[in-house]
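Have a look at the structure below before the remarks.
The values are calculated or read from the model by the stated rules, or taken from the named source; none is laboratory data. The structure presented is a predicted model; accordingly, all values stated were derived computationally and were not measured. Glycine also receives a Cβ, built like all others from the backbone with ideal geometry; neighbour counts cover every protein chain displayed.
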Amino acid sequence: KSKALAEPVNFNKSDIKDAIVRHLHCSLGTDENKANNHAWWKAACAAVQEQVLERLRRTQKSHYLNDTRAVHYFSAEFLMGRLMSNNLHNLGLFEITDQALQELGVSLTDIMEEEPDMALGNGGLGRLAACFIDSLATMELPAVGYGIHYEHGLFRQEIKNGAQIERPDSWRDYGNPWEICRPESIQEVSLYGYVETKYGENGRIQKEWHPGSIVKGIPWDIPVVGFGGKTVNVLRLWESQASNYFNWDVFNAGGYVDAQSENVQAETISKVLYPNDETEAGKELRLIQQYFFCACSLKDIIRRYKRAHGDDWSRFSDQVVIQLNDTHPAIAIPELMRILVDRAELGWDDAWEICSKTFAYTNHTLLPEALEKWPARMIEKILPRHLEIIYEINFRFMAEVEKMWPGDNKIKQKLSIIEEGNQKMVRMGNLSVIGSFAVNGVAEIHSKLVKKNLFPEFDQMWPDKLTNVTNGITPRRWLKACNPDLSALIDKKIGNDWPVKLEKLNDLVKFADEAKFQKDFMKIKLKNKVALAKEVKSLTGIEIDPKAIFDVQIKRLHEYKRQHLNLLHIMALYRRLLENPSYDMEPRVFIFGAKAAPGYKLAKDIIYAINMVAERINNDERVNKKLKVVFLPNYRVSLAEKMIPAADVSEQISTAGKEASGTGNMKLSLNGALTIGTMDGANIEIAEEVGEENIFIFGLTVEEVDKLHAQGYNPYDYYYNNAELKAILDWLETDYFTPGKPGALSSLKYSLLDGGDPYLVLADFDAYSKAQHKVDLAYRDTKNWARMAILNCARMGKFTSDRSIRDYVERIWKLDACKVDE
Ligand code: 26M
């Protein structure tokens, strides 16, 4: 057994049983006879948490004694999902806890269903942060995740009459057994007010910010258990609360009620996660959220640094590296400058030297509408001193631009942090690049496009600053925990250290042609499909045949991700079946999971269209033996864990150049699903790993997309030249799918024709349709399909988030692991 897999010491089955029962009695005030699943779940969590906290204490002691350099991962989102299964697996306690509970007459699988998802994120970016902190702890690297303790995470999605309805997510209503409040580390954060300019004795200008209000940040720590259970890091999430002397004047002036209402305002800050991913909202509260968690986190980091190094700032950037997860925490850059210049009274140049050695920035998108910009007036109102600092950073930066491109005002305009115009805007991307020592994209092609299209001049100025770190996923959650049967089969074949050395999966390649292994592999797939079919039945009432191809598209709903391309193809199949009842196709179930941002009209229309088409097809006896469509409501991490192990086909069909990386693509392939996808994001690297013959690549490449746009793309060319496509689009305008309501789906058609089809759905339709036909033919060759599925799993080694973290450590963070003393 490898060291990372060592069993936890001194904790056996009967200890677990005792601890669970003790918590049932002493923490929950119930007993074995009265307890329901929820109580059992809580008691089991508490028993596990005892072990977690002991290791957390040891980890913190080791990090403190070794005065380690640490990475601080700043992210407005951490999409953690459920923690119980993960913690049990990482502690090596899963099997014995399962047995212990069985002896108590309780099913672990059942009680784990009691845990609400911790959905403090929208999608890819938030889940990436969660995978990264898992890997950091597993690799015994000193790291802290910093974010916001939202009272309400991403909304719960209900589907009523085919349409999405948003309901509040209340993940903490019955308490979160994993979190610990740390009142001893409360921080205070200033907002609003004005800046006073003073002249010090030495003639130096001193700035003093007189805040208009102060809010408290309460830290909640979620332990992050590394696989093997040795290192337990923390995710520290800040909750806002009114400070005790928040608007004290109002209170003293007799405005008791007004003072109370100000309190409510302070508490709004961490109330709810903004649900719009990939679009910039520009809301004041969002900026306050960003500043709130950055300011709290920086104070926390500085307090810890000062405990070891006092007022000597010279070693700060040796001890502290801060990774900015997109520009959402970019306000941390001027905040650190403010602390160093106004508070620590360092000179500007010394402060900038420290600051620009501390931050590194990850870009997750090229979509122009997703690049954050704030009105300068808004920053001035909320953070008046920060706006001054941003102007100063920009002024000095402009001098460097002038040196490089003398007299070139076009370039200055383009690179300036400030966008001039009707109203001045602060470009957070430019600020992040200028204030960071490293900038990375999240897949090879994405990083190339960041250099070539987004920040070409920055790349010229600092040729080593821009780099790539391809995303990854944690195989502990996304294979070992979510697909236990496949994991056991893999253990049997190649040993059990693949969860920490995913490249070992390559040893499965030699079994890809072995009939017995193919049979075992596909038997597990079928078992997972049976389980998902049961889930589908209970969630939607729809019956699906586990022998059909399970074709899965799971991701946020976006035009660029092109769920509507998938839908048009489904309609094409339906039409072919109606025109020719003996149309030859393998039975297929198309399964969707997707949330739309509440204000994104067309995204919601696409969800509605999927549901209406699904209803018509599923109830049409003429076709529903061969074709079914399922939209699973409320897609989230815990649902993904059930869908991914059951998928045969993985839909990764974004317009080339638009999906920065994708990570669902990696999870599905790791679990033996075959990808149908475009040459976009990490699909390209997946194709490189699995081989062109084991993936279904189709459609325009980035170069072809650019060329088509340059020529002048006209979607009507495709509409009039493809009779099937025309018929499908026209079908959308009838009331065939929405009886009595003709035109209910016409916004979709409109967006693809008069709307200009910005994501080239029609241009890629024919290629997609042909690729889908290849999928259909390939599935009939069961042996070869099994072989391809095995090879997909076997060749996913590259995409472990441990490799991503290794890349970050080597290229950016320069961290050392720290062994935790037993
Ligand atoms: C912005 C402003 C206001 C409110 C919310 C936002 C916002 C929130 C999340 C904007 C973007 C957000 O996430 C973007 C995201 O998830 N990007 C995805 O990141 C993944 C991890 O790198 C990539 O794999 C995906 O390709 C990329 O789309």
> How many residues are within 16 Å of the ligand (Cβ to nearest atom) and of a type in the set (Phe, Trp, Tyr) when one looks only at the stretch 442-482?
Replying inline: 1
>> Can you go through VAL629, VAL649, VAL613, VAL637 and tell me which one is within 24 Å of ASP117 (Cα to Cα) and touching a residue at least 12 places away in the same chain (Cβ under 8 Å)?
In response: VAL637
>> Can you confirm whether GLU151 is on the phi > 0 side of the Ramachandran plot and either out of contact with any His (no Cβ under 9 Å at 6 or more places or on another chain) or surrounded by 24 or more Cβ atoms within 10 Å (Cβ to Cβ) (or both)?
In response: no
> Going by the structure shown, is ARG286 within 16 Å of the ligand (Cβ to nearest atom), out of contact with any Pro (no Cβ under 8 Å at 6 or more places or on another chain) and either assigned to a helix (DSSP H, G or I) or among the acidic types (Asp, Glu) (or both)?
Replying inline: yes
>> Condition first: under 30 Å from LYS299 (Cβ atoms), in a helix (DSSP H, G or I) and either modelled with pLDDT under 95 or within 16 Å of the ligand (Cβ to nearest atom) (or both). Can you find one or more residues in the stretch 336-351 that meet it?
In response: no
>> Can you confirm whether ASN440 is assigned by TED's automatic domain parsing to the domain that holds ALA129, more than 26 Å from ILE269 (Cβ to Cβ), of a type in the set (S, T, N, Q) and not in a helix (DSSP H, G or I)?
In response: yes
>> I'm told GLY126 meets every condition in (1) free of Cβ contacts under 8 Å to residues at least 60 places away in the same chain; (2) within 16 Å of the ligand (Cβ to nearest atom); (3) out of contact with any strand residue (DSSP E or B) (no Cβ under 8 Å at 6 or more places or on another chain) except one. Can you identify the failing condition by its number?
In response: (3)
>> As an exercise: evaluate ILE617 against (1) among the aliphatic types (A, V, I, L, M); (2) surrounded by 21 or more Cβ atoms within 10 Å (Cβ to Cβ); (3) within 22 Å of ARG167 (Cβ to Cβ) and give the number of the one condition it does not meet.
In response: (3)
> What about THR68, is it among the β-branched types (Val, Ile, Thr) and surrounded by fewer than 20 Cβ atoms within 10 Å (Cβ to Cβ)?
Replying inline: yes
> Are any residues in the stretch 759-796 over 30 Å from LEU505 (Cβ atoms) and surrounded by 15 or more Cβ atoms within 10 Å (Cβ to Cβ), and if so, which ones?
Replying inline: TYR759, LEU760, VAL761, LEU762, ALA763, ASP764, PHE765, ASP766, SER769
> Does the stretch 749-758 contain at least one residue that is within 15 Å of ALA656 (Cα to Cα) and surrounded by 13 or more Cβ atoms within 10 Å (Cβ to Cβ)?
Replying inline: yes
>> Exactly one condition in (1) touching a residue at least 40 places away in the same chain (Cβ under 8 Å); (2) on the phi < 0 side of the Ramachandran plot is false for ASP67; which is it?
In response: (2)
>> Quick check on the stretch 264-279: of everything there that is under 18 Å from ARG172 (Cβ atoms) and outside any loop (DSSP other than H, G, I, E, B), which residue is farthest from the ligand (Cβ to nearest atom)?
In response: GLU267
>> Residues that are farther than 24 Å from ASP169 by Cα and away from the ligand (no atom under 15 Å from the Cβ): list the helices (runs of 4 or more DSSP H) wholly contained in the stretch 598-685 that include at least 3 such residues.
In response: 601-618
